[in-house]
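Participant: Have a look at the structure that comes next, please.
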Amino acid sequence: MSNFKHWRLEREAGDAGVAWAILDTANSSTNTLGAEVMIELGLILDECEKNAPRGLIFKSAKEAGFIAGANIEEFVSSDTPEKARALIRRGWDTYNRLAGVKYPTLALVRGHCMGGGTELALACRYRIAVDEPGTKFALPEVMLGIVPGWGGMLRLPQIIGPAAALDMMLTGKNIDAKRAKKMGLADECVPPRVMENAARMLVLSAKPPRQQQLPLMQKLMNGPLKGFVASGARKQVAKRARQEHYPAPYAIIDQWQNYDGDTLAVPAERPTSLDALVSHPTTRNLIRVFFLQDRLKGFGKGVENFAPRHVHVVGAGVMGGDIAAWCVLRGMTVTLQDQSVERIAPAVGRAAKFFEKKLRDRKLARFALDRLIADPLGDGVRQADVIIEAIFENLEAKQKLFADIEARAKPDALLASNTSSLKLADIAANFKNPSRLVGIHFFNPVAMMPLVEVVAGDSTAPVAAQRAAAFVRGIDKLPLPVKDAPGFLVNAVLAPYMNEAMRCVDEGIAPESIDAAMLAFGMPMGPIELADTVGLDVAVAAGRQLVGEADPPKKLVELVSAGHLGKKSGKGFYTWVEGKAQKVGAGGTVNPELAQRLLQPLLAATQRLVREGIVADAELADAGVIFGTGFAPYTGGPMNYLQSGEH
């Protein structure tokens, strides 16, 4: 056995002659590929060159997963093109060396395998994915405004074909163990109990590598038909992201098509070069967003003796039902309460379809559905660790409900309201112990929106807020602590923005033009389509409460008076067909000045909320507005955008 600071190289005795390279990054809960780790990998290859094993298997010593990727801190410090090139060359050369060894190599992937970890696995002859929920492959570099420069752009298309590879690289999406096997990214998908034997058998099998098994058409698409594939990929990317805002996906396509995935071969003057990416403000801002996300995750840590397993949700409407389904998907048992089984049934039906779509396994979907229990009498209140109220926005109804819940709930149960507009202090007014009540405010659609606001009222005990944040993190959402004020953070910045958009309609500007201006700016949806989506009756109420205008926009009032409430009624500012807004034309020429006009109320509201301490600081305001509204991530968030002077 050879011991290094971060790696162990263990050789099996006897005829097998298999060596195990075991990564255990020092002083870290996860494996990351910093400079020391990569240098030691080179030393392992040196040893194996002197005394070649019959096979070399890479595995992790960490419970947390295989490899989380490169060390982001090191990339941040590589803030010049020269430093960035040196970092890329280290990985590119090391992995090329690994890919070229004569003996067979295998990556045994259990848990997350991200970025440089996936590129290490791709440089091996074989890959085994361990069939567990946490096993995920991804090349998420595009999310940071950079490219998979350690061989991912070269090898992934050769292994799974260019269409699937570009889809992975251009979206940063995760691929689970079963999917990895199906698409050829993993040679085998095995349960944990047999993983080491399976790895040993495969590395000694002399089976041809995946690259040699690729169908002829895929090989042609990697060769003579590259231009055709690249052109199609560019058209798809252009629908989602403008090159001036997000250059990385365009760089990935260009570098694969014209430079065989070698980012170091691209001339510095090209807009798709590593030099251009490193110096682009989007890269700096997206890395900033990555660290903001990490900060939100941190709010869920440090709570001892709190491991909720049973959640009780009151209110089986769209929001309550979807909260219940999400909690079940994340492993909880959920009792769902409403006035009758008939009212609960639609939520259970939606959940069944949701589980089948997400789990892609009927057996697992059935097991999940077994954990969602219709509970019209609310018996689950007595056993629940977390109780979430998600009924309609009526203060008296919520107060009455919580009087019953407080009397029946366990003394240490977390009591939470999903209110979006009422003050927590008012809901808690009749509590015997108001310190128990906290706000846990989800956004619609629950499965899509990563942010959850954790609201602390004047009486909320700090431990209740901390537990709420831990619960939110435990169901894989991002907790944002906010104070108890109308609209909290996200709705309080959205309301004036949407109100301004509807004032523009009153002035005669077409809804399509308004939405087109904001889509061009980088918003995921225009404000008029957003108003239609949330419901125009909700927009009227939010406008009165959060914008403080007694005189709502005229067109909005006309539509609501006529019963046209947007998507849910089939007609609002737009006509809706099969869940899609029917837009007449593309909105004409995009008007950047219109976008700036619409942004001003949102920016002003964000500044005010930071000033008033509703959210602790500008960084958290940026995180909340990006993850809660989809505010253009390339800007780094509204407060960062204001500082940049681009508005």
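The values are calculated or read from the model by the stated rules, or taken from the named source; none is laboratory data. This one's a predicted model, so the numbers in the text were calculated from it and none came from an experiment. Cβ: placed from backbone, ideal geometry, glycine included. Neighbour counts: every protein chain shown.
Participant: Taking Lys398 as the residue in question, decide whether it is touching a helix residue (DSSP H, G or I) at 6+ places or on another chain (Cβ under 9 Å), surrounded by fewer than 17 Cβ atoms within 10 Å (Cβ to Cβ), closer than 28 Å to Leu480 by Cβ and among the charged types (D, E, K, R).
Facilitator: no
Participant: Mind checking which residues of segment 39-62 are under 21 Å from Ala86 (Cβ atoms) and not hydrophobic (A, V, I, L, M, F, W, C)?
Facilitator: Residues satisfying the conditions are Glu40, Gly42, Asp46.
Participant: Just checking, how many residues over segment 357-405 are over 15 Å from Ala325 (Cα atoms), of a type in the set (D, E, K, R) and touching a Leu at 6+ places or on another chain (Cβ under 8 Å)?
Facilitator: Residues flagged as over 15 Å from Ala325 (Cα atoms), of a type in the set (D, E, K, R) and touching a Leu at 6+ places or on another chain (Cβ under 8 Å) within segment 357-405 amount to 3.
Participant: Please work out which residue is nearest to Val130 (Cα to Cα), limiting yourself to segment 183-218 and to residues that are of a type in the set (Lys, Arg) and surrounded by 13 or more Cβ atoms within 10 Å (Cβ to Cβ).
Facilitator: Arg200
Participant: Looking at Asp15, Asp46, which is the one that is out of contact with any Lys or Arg (no Cβ under 6 Å at 6 or more places or on another chain) and modelled with pLDDT of 95 or more?
Facilitator: It is Asp46.
Participant: Let me ask something additional. Has segment 147-162 got any residue that is out of contact with any Asp or Glu (no Cβ under 9 Å at 6 or more places or on another chain), in a helix (DSSP H, G or I), assigned by TED's automatic domain parsing to the domain that holds Arg90 and more than 30 Å from Ala276 (Cα to Cα)?
Facilitator: Within segment 147-162, none of the residues are out of contact with any Asp or Glu (no Cβ under 9 Å at 6 or more places or on another chain), in a helix (DSSP H, G or I), assigned by TED's automatic domain parsing to the domain that holds Arg90 and more than 30 Å from Ala276 (Cα to Cα).
Participant: Something else: Among the residues of segment 552-567 satisfying the criterion of being in contact with a helix residue (DSSP H, G or I) (Cβ under 9 Å, 6 or more places away or on another chain) and farther than 19 Å from Glu507 by Cα, which is surrounded by the most Cβ atoms within 10 Å (Cβ to Cβ)?
Facilitator: Within segment 552-567, the match that is surrounded by the most Cβ atoms within 10 Å (Cβ to Cβ) is Gly566.
Participant: Another question, if that's okay. I'm trying to understand the selection: among the residues of segment 463-480, which are out of contact with any Pro (no Cβ under 8 Å at 6 or more places or on another chain) and either basic (Lys, Arg) or assigned by TED's automatic domain parsing to the domain that holds Asp617 (or both)?
Facilitator: Arg467
Participant: Could you go through segment 334-353 and let me know if any residue there is of a type in the set (A, V, I, L, M, F, W, C), under 18 Å from the mean Cα position of the chain (by Cα) and buried (at least 19 other Cβ atoms within 10 Å of the Cβ).
Facilitator: no
Participant: I would also like to ask the following. Could you check, for segment 528-537, whether at least one of its residues is of a type in the set (Asp, Glu), over 29 Å from the mean Cα position of the chain (by Cα), assigned to a helix (DSSP H, G or I) and within 25 Å of Glu393 (Cβ to Cβ)?
Facilitator: yes
Participant: Under 6 Å by Cβ, and 6 or more places apart or on different chains, what pairs join a residue from segment 362-391 that is within 17 Å of Ile475 (Cβ to Cβ) with one that is among the aromatic types (Phe, Trp, Tyr) and in a helix (DSSP H, G or I)?
Facilitator: What qualifies is Ala368/Phe355; Val386/Phe471.
Participant: With segment 541-633 as the region, which helices (runs of 4 or more DSSP H) entirely inside it contain at least 1 residues that are within 30 Å of the chain's Cα centre (by Cα), over 25 Å from Glu453 (Cβ atoms) and not polar (S, T, N, Q)?
Facilitator: The qualifying helices (runs of 4 or more DSSP H) are 592-611.
Participant: Moving on. Suppose the filter is of a type outside the set (Phe, Trp, Tyr) and farther than 30 Å from Ala123 by Cβ; does Thr335 pass it?
Facilitator: For Thr335, the condition - of a type outside the set (Phe, Trp, Tyr) and farther than 30 Å from Ala123 by Cβ - is met.
Participant: Take Pro601 and decide whether it is touching a Pro at 6+ places or on another chain (Cβ under 9 Å), buried (at least 18 other Cβ atoms within 10 Å of the Cβ) and farther than 30 Å from Gly298 by Cβ.
Facilitator: Yes, satisfied.
Participant: Among the residues of segment 433-446, which ones are at pLDDT 95 or above and surrounded by fewer than 18 Cβ atoms within 10 Å (Cβ to Cβ)?
Facilitator: Within segment 433-446, Asn433, Ser435 qualify.
Participant: Can you give me the number of residues within segment 447-459 that are surrounded by fewer than 24 Cβ atoms within 10 Å (Cβ to Cβ) and over 19 Å from the mean Cα position of the chain (by Cα)?
Facilitator: 4
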